[in-house]
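Step one of this worksheet: look at the structure below.
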Amino acid sequence: MKIGDLLSELLLSLPEDVFTLISRLLSPSDVCNLSLCCKTLRDLVDSEKIWLVQCEVVKVLPLSEIVQWRTGISSYKALCRFLVEVTKPLVGVWVHQNPELGNVVYVMSGFLSVIGCRIIPQEVGSLGIQEGRLLWSPVFEIVSGFDGSARFFLHGIDRESSYLYPGFVTSIDKCCNVLLLEVEPKRREIERTEKVRFPFCKLPFCDRRKLLYLVTGHVGLPVPELSLKDDKATSLERRTMLLKRHKFGGNWSHMSLEDEFCYDPIQVEINDELWTHLGYGGDFRHVDDEIQVQGTQRKSLSKYFRIGIKNILRRSSSTGSSSSSAKQQASCSSEIRRFNLQTFLSSGDFVGLSVKASKIKLTSYRGWPSMHETHFALYKLPIKIPVEENQEYAGLWGGTFGWPPGKCTEDKPGKALFLLMLTYEKSQDGSDRLLVGTKILEGTHYVMHPNGSAMFVVKIGSPTSEIFPFDDTTNGEEKYGFECCYTGEGIAKGYGFRYPGYKPGSLFVTSKGLLMFVWKETKTVLTLQRLNLEELLKKGVCVSPLPPCLNFTYLTKSHTNVFASGQRTS
């Protein structure tokens with residue numbers, strides 16, 4: 001008997017409960033490989049018990065929610081597919097540079113879905129952060145089908161009504177750090193699928209924006225009224241409604257998920273009308289002979305280079321015709337742009353919205369990624385688990401300015417909410433270990449500091465015996481219980497808005513889990529507490545989103561709260 005067969009017999013001879021316990025040491029991919037390597041093991045590893053354990057191994061949902069989600073999906077194996085491919089890579093904090101007040105999108109689990117929720121810049125009332133109700137608006141959802149496949153919906157507003165914009169999930173990298181909203185060409189199912197010859201991200205910004213606006217203008221569907229009850233039946237009803245809308249569009253209410261449909265309502269046909277809407281005339285299938293040589297695309301590109309070189313030589317040989325040369329160069333650039341757009345569109349019969357989560361090389365400064373200013377994208381922040389690598393203060397914190405913390409007055413009933421991401425770094429010379437508090441959101445009416453700037457930097461490896469400058473007693477008893485203090489610098493006015501300065505300050509740690517940074521010169525206090533955004537959002541207040549493309553990424557520079565105009569929806 002072969003060794004492989006012997007091992008298979010050994011595993012098959014184990015009681016099912018014992019094998020289930022052993023499977024906790026395996027990853028979902030290990031279990032899949034096990035089923036492929038031996039036919040006799042396939043039935044064993046395809047059992048519901050094994051895949052229930054694998055759903056727990058992924059560690060993105062508690063067991064109670066896993067069991068609840070199973071009621072709306074074909075099997076635990078299909079559920080594990082959605083958890084591994086969609087939920088685990090996307091859950092977390094995503095940001096963008098604009099507007100400067102903060103653009104924070106927290107992706108969390110819904111019901112057989114993940115939901116991107118934008119934290120609205122806001123003030124904290126007398127109830128405080130934990131007891132108050134956080135304002136948020138929906139950005140996107142990715143819903144699981146019955147087989148564990150993914151369906152994408154962009155949220156937005158049109159004529160003061162909330163809309164859903166269905167689309168595709170192109171790909172999700174397991175280590176993704178950027179989430180891109182794009183337009184994807186698609187072939188009819190009966191035809192051979194071709195790879196896009198020209199990527200969407202390489203198109204000029206004006207063409208990408210036109211395509212996104214055009215597609216969202218065609219596929220939007222109004223959000224229907226549903227029961228406000230937060231129970232299992234309502235969640236199932238809403239999820240079924242979303243799947244129907246993704247498949248049937250506006251005809252969803254008269255259809256069953258088992259019905260077939262003759263066309264895809266979430267896509268826009270590529271034709272002369274679309275070409276005209278993009279600002280070009282004529283037949284979009286026709287490519288000007290001056291820039292396209294019949295044959296391969298490589299020949300077309302070589303033609304471009306020849307035209308460009310001729311223009312350069314012509315410009316250098318005749319100094320008196322600079323204006324004419326500039327016009328010829330602009331004309332050539334325009335033709336290349338037109339051809340690239342035609343190449344992109346010619347790879348499909350329809351176009352639709354798509355979302356793609358990729359892993360790209362990003363540079364960062366003090367935990368804040370360098371972002372592309374013309375991509376409809378969100379960037380993931382690497383929030384570390386506090387217990388890892390002796391980084392007990394790492395993670396997401398929220399707080400307000402003022403002393404005593406949380407105290408409001410009649411003339412000022414609220415305090416601006418600040419969200420900070422705390423990370424650990426080494427000093428430039430490597431001699432000190434630093435704790436950096438990076439601002440990712442502030443709830444002021446007009447921005448005080450640039451998005452992504454460090455609110456404070458302290459030397460976390462060298463505690464001091466400095467005394468807190470304010471009274472720490474209530475009726476003779478210690479109130480906060482300060483445990484230690486670290487010196488450093490806090491943000492201050494500098495050379496204009498973009499380049500803030502820093503002044504001395506100290507970070508005090510309390511026994512109640514609070515962090516308090518005090519600027520020595522002004523005695524200003526920033527009090528922080530660790531936040532669980534998922535729990536705060538579940539009891540928060542949902543407000544209306546922005547128009548769809550702006551709702552995903554707000555690319556316009558702004559120092560004010562562009563998200564505050566939304567009306568409350570629940």
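Of note:
- With the simple model of a label 7 Å out from the Cα in the direction of the Cβ, residue 48 to residue 22 spans 2.3 nm.
- Measuring against 31 Å, Cα to Cα, the residue pairs 77/356; 247/361; 77/361; 244/439; 493/539 contain 247/361; 77/361; 244/439; 493/539 as the ones spanning a longer distance.
- Computed label-point distance, nm, for sites residue 390 and residue 445 using a 7 Å Cα→Cβ extension: 4.8
- Karplus 3J(HN,Hα) series, Hz, for region 376-382 with 6.51 cos²θ - 1.76 cosθ + 1.60 (x for Gly, Pro): 7, 9, 10, 10, 7, 8, x
- The average projected area of region 86-245, computed from the convex hull of its Cα atoms over all directions, is 12.6 nm².
- Highest-first arrangement of 448-457, 99-108, 23-32, where packing means the average Cβ count within 10 Å: 99-108, 448-457, 23-32
- Placed amide H near residue 543: partners under 5 Å, 5+ positions off or other chain: 136, 137, 569
- Computed from phi, the 3J(HN,Hα) profile of region 144-151 under the Karplus parametrisation 6.51, -1.76, 1.60 (θ = phi - 60°) reads 7, x, 5, 9, x, 6, 10, 10 Hz, with x in place of Gly and Pro.
- Derived scalar couplings ³J(HN,Hα) [region 114-123; Karplus, 6.51 cos²θ - 1.76 cosθ + 1.60; whole Hz; x for Gly, Pro]: 10, 10, x, 10, 8, 7, 6, x, 7, 9
- Around the amide H of residue 455, modelled in the peptide plane, lie the amide H atoms of 437, 438, 439, all under 5 Å away and 5 or more residues distant in sequence or on another chain.
- Within region 431-542, the percentage of alpha carbon pairs spaced more than 16 angstrom apart rounds to 66%.
- Interchain or long-range residues, amide H under 5 Å from residue 150's placed H: 145
- Net length available on complete extension from residue 425 to residue 271 is 50.1 nm, with 0.36 nm assigned per residue and the Cα-Cα distance removed.
- Each other residue within a Cβ distance under 11 Å of residue 112 adds +1 if Lys or Arg and -1 if Asp or Glu, for a net charge of +2.
Here, each number is a calculation from the coordinates, and none is a lab measurement. Bear in mind the structure is a predicted one, so any value in this text is a computation, not a measurement. Using ideal geometry, Cβ is built from the backbone for each residue, glycine included, and neighbour counts are taken over all protein chains shown.
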